[in-house]
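Encoded as structure tokens, the structure appears first; notes follow it.
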Amino acid sequence: MAKDLRETRIEDLPGPKSKEELEEMKMPYEEYCRAAFDPGNEHTKPEPLKGIRWLSTTMYIFTPHSVSNLAELGAEVIKVEMPRMGDPMRHTSPFNEAYLYPLHDTRPMTGTGFGFLGANPSEFHISMDYHLDEIKDAFYRLVKMSDGLTECYRPGTFDKWKQSYLYLQELNPRFIYVWGGGFGYGPKVFGGSYDILGQAHAGLASITGMHDFMGGHCAKHSNWCIDWYSGTQITFGILAAIHWRETTGLGTMIEFS
């Protein structure tokens, strides 16, 4: 007869357990969470990507989230923002999407909203107008001392600025270049995109709409779920590229949409 699992003691569970671990397992859950997520312990967590330096010229949520994941794993992520305004996501807040769809001329130009902080944690920030000729040398020096870069500009923009993979791989053959866009290299290659368009094109908005008695029309999901999920997928690609580089010694370019 099988043993009743309700009679199983913590000490009987498989796996090595120190005295400290046993004490943790007996703690009330709320106390355990307070201890586990104590901000004072943030530098004690494992950092498997320590030693990796990554450049980020990203905006909004989709691509910033992909590199913030690297920072959470110990990489040194340097977010490079344009002077004065910086990442437009800085100037948004919850329920303030009018400043995102489209980028509105009346958006606030100062301050930092919670949306930006949520998409860019654990990073270093510098301001650099990297498309200007007089600044390019400084940008190129960063490339030579970094492992990769993620950008989200429309296709051809970094080619025009001579900062695309075609140019950067010559400066650093081990460099990993990531481009994240809305529609990929297809019929809408030059079209801009936001999370709300991704939800619409993917069909998600059609199943999160109103009930029939409320009109039955489609509705955007309350969260930027397409951006968050897609950013995580880019992170998987970056980790694979880092591993592949360890085998071949060469960088690569990742396209994601």
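Can you sort K136, K19 by how many other beta carbons sit within 10 Å, fewest first?
K19, K136
Using a 10 Å cut-off on Cβ atoms, rank the peptides 85-91, 113-119, 145-151, 29-35 from the highest mean neighbour count down.
Packing order, densest peptide first, comes out as 145-151, 85-91, 113-119, 29-35.
Relative to the present Cα-Cα distance, how much length would full extension add between Q233 and T157 at 0.36 nm per residue of separation? Could the numbers behind the result be given before it?
Details: separation 76, 0.36 × 76 = 27.36 nm, distance 2.33 nm.
Answer, rounded to one decimal: 25.0 nm.
In nm, give the distance between the simple-model label positions of H125 and S206, each being 7 Å from the Cα along the Cα-to-Cβ direction.
4.0
Which distance in Å, rounded to a whole number, links the C-alpha centroids of region 116-131 and region 71-86?
Between the Cα centre of region 116-131 and that of region 71-86, the gap is 3 Å.
Would you mind ranking S56, S206, S164, S18 so that the residue whose beta carbon has the fewest other beta carbons within 10 Å leads the list?
S18, S206, S164, S56
Bear in mind these aren't lab numbers, they're just calculated from the coordinates by the rules spelled out. For clarity, every value in this text was computed on a predicted model and none was experimentally measured. Here Cβ is always computed from backbone atoms with ideal geometry, including for glycine, and neighbour counts include all displayed protein chains.
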